[in-house]
Amino acid sequence: MTNFSNFYQQIATNRLSHWLNTLPAQLDHWQKNELHGEFKHWQKTLEALPNGQSNNVDLTTSVTVGSKGDLNPGEEKRLENLMKKFKPWRKGPYHIHGLHIDTEWRSDFKWDRLAEHIGDLSGKYVLDIGCGSGYHLWRMRGAGAKFVVGVDPTQLFLMQFNAVQHFIQDKAVNLLPLGVEQLPELKSFDTVFAMGVLYHRRSPIDFLYQLKSQLVKGGELVLETLIVDGDENTVLVPGERYAKMRNVWFLPSAKAMCAWLERCGFSNIRVVNTDITALDEQRKTEWIDTESLSDFLDPEDNSKTIEGYPAPQRAIFIANA
Ligand SMILES: C[S@@+](CC[C@H](N)C(=O)[O-])C[C@H]1O[C@@H](n2cnc3c(N)ncnc32)[C@H](O)[C@@H]1O
C-alpha cells in the first residue's frame with residue numbers, strides 16, 4: 001500500500017482542497033487495479049532501506065542528503081544494493097549519505113538552463129507534469145516553493161522518489177502516480193512545469209489546454225520539449241521511431257511551438273533557451289542497464305539520429321496563462 005493520507009491531510013487545509021473531491025477515489029482505484037507486477041517487491045526494498053533521515057540537506061545546488069560516514073559501512077553497502085534494485089535511474093543525480101546515484105541524465109544541466117529565466121518560486125504552489133523520479137521537484141523546493149506536486153504515471157519513478165523522500169522527509173514535496181489526462185482542472189498552481197512530455201503526447205494542443213487548466217490566472221508555464229529547425233509551419237512527425245523511441249509524435253519548430261501556445265491563449269511567450277542534447281548530459285552509467293544517447297545517434301554523423309532525423313534539440317518556453 002502506498003499511503004497518500006499525508007498528502008490528503010495537507011491539501012485539506014491548503015488551496016488544493018477541491019482536489020479531494022476526486023483524488024482519493026482515483027488513487028484507490030489505482031491501488032486496487034493498476035499496480036505494476038513488481039510493486040510488492042519494490043515496496044519491500046523501500047522498507048529495507050537503512051534509517052538515515054538527515055537535517056543536512058542541500059536542494060539549492062544539487063540534491064544531496066547527509067554525507068559519507070553518516071552510515072556504517074554495512075549500511076552504506078545495503079543502501080547501494082537496495083537503490084540499485086530501482087534501476088534504471090534515469091533522472092538525477094542524487095547524493096545520499098555519500099552514495100552518488102549517477103543517473104543516465106544530468107537533470108541538473110536542464111535546471112541550470114532554466115533557473116535564471118523562471119519567476120521567483122518563493123512561497124509558490126508548483127506542479128511538475130511528467131516529473132520522472134522527481135529530481136526537479138527537489139530543486140523547485142530548493143528554490144523556495146511552498147508546495148510542490150509532481151505527477152508521473154511510471155510506477156518505478158514513484159518508487160525512486162519515495163526512496164529519496166525516505167531520507168529527506170519533506171512533506172511539502174509529493175509525487176502522485178497520475179498522467180496529465182487524469183488531472184481535473186485545478187486552476188490552482190502558480191507555476192506549472194512540463195518538461196520532456198509534449199512530444200510524447202498524441203494531441204499536443206489538448207495537452208497545452210490541460211496545462212493551462214492547472215494554472216491560476218496569470219500563472220507561469222515552463223515548457224521544455226524537442227524541437228526542429230524551421231518556420232512557424234514546420235513540425236516533424238517522425239515515423240515509428242525517433243532516436244529509437246516509439247512514442248514520439250510532434251516535434252515543432254520553436255516558432256511553431258510559440259504559435260501553438262498563442263493559439264491556446266497563453267501570453268508573454270518567449271523561448272529562453274535552445275540546446276542540442278550533448279553526450280555528457282545523457283549517457284550510460286552503472287545506474288542504467290539500457291542504451292543511451294550515443295546508441296541513438298548515427299555513429300557516422302552525430303547531428304542525426306540513427307533513423308536519419310535531426311539529433312535531439314531542446315527548447316525551453318515560458319508563457320503566462
Ligand atoms: C522524458 S521524461 C521527462 C522527465 C522530466 N520532466 C525531465 O524533464 O527530465 C518524460 C516523462 O513523462 C512521463 N509521462 C509519460 N506519460 C505521461 C502522462 N500521460 N502524463 C504525465 N507524464 C507522463 C514519463 O513517465 C516520463 O517520466
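The values are calculated or read from the model by the stated rules, or taken from the named source; none is laboratory data. It should be emphasised that the depicted structure is a prediction, and the values quoted were computed from it without experimental measurement. Every residue, glycine as well, gets a Cβ built from its backbone with ideal geometry; the counts of neighbours run over all protein chains shown. For accessibility, only protein heavy atoms count, side chains too; no ligands or nucleic acids. Shrake-Rupley method; radii C 1.70, N 1.55, O 1.52, S 1.80 Å.
Some values worked out for this structure:
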quantity	calculated
DSSP bridge orientation in the chain - percent antiparallel, rounded to nearest 5	55 percent
Fluctuation leader among P24, P153, P204 - the chain, Gaussian network, Cα springs under 10 angstrom	P24
Rounded accessible area of S303 (nearest 10 Å², 1.4 Å probe)	70 Å²
Net +/- balance of residues flanking Q10 in space, Cβ distance below 12 Å, scoring K and R +1, D and E -1	+2
Dipole magnitude of the range 1-75 about its Cα centre (Cβ charges: Lys, Arg +1; Asp, Glu -1), debye to nearest 20	160 debye
Kyte-Doolittle at least -0.5, axis length at least 18 Å by Cα - qualifying DSSP helices, the chain	155-168
Solvent exposure, largest accessible area first (probe 1.4 Å, DNA, RNA and ligands not counted), of Y309, Y209	Y209, Y309
With all protein chains modelled, accessible area of D28 [1.4 Å, Å²]	80 Å²
Cβ-placed point charges (K, R +1; D, E -1), dipole of the range 208-321 about Cα centre in debye, nearest 20	640 debye
Candidates G142, G150, G230: whichever shows maximal mean-square fluctuation once the chain is modelled as a Gaussian network with Cα springs under 10 Å	G230
Accessible area of the chain belonging to carbon and sulfur atoms, whole % at 1.4 Å probe	48 percent
Accessible area, probe 1.4 Å, largest first, for residues K110, K187	K187, K110
Accessible surface, 1.4 Å probe, highest first, among residues E300, E181, E307	E300, E181, E307
Per residue, in Å², the accessible surface of the range 190-272 once ligands and nucleic acids are set aside, probe 1.4 Å	44 Å²
DSSP-assigned coil residues among trypsin sites (Lys or Arg not before Pro) in the range 1-71, each with at most 12 further Cβ atoms within 10 Å	K68
Lys, Arg +1 and Asp, Glu -1 on Cβ, resulting dipole of the chain about Cα centre, debye, nearest 20	820 debye
Per residue value of the accessible surface for the range 112-184 (all protein chains in place, 1.4 Å probe), Å²	28 Å²
Fully extended contour minus Cα-Cα distance, from D295 to T61, at 0.36 nm per residue	81.2 nm
Gaussian network model of the chain, springs between alpha carbon atoms under 10 Å - residue of I227, I11, I101 with greatest fluctuation	I11
Spatial separation of Cα centroids for the range 1-57 and the range 241-261, in angstrom	32 Å
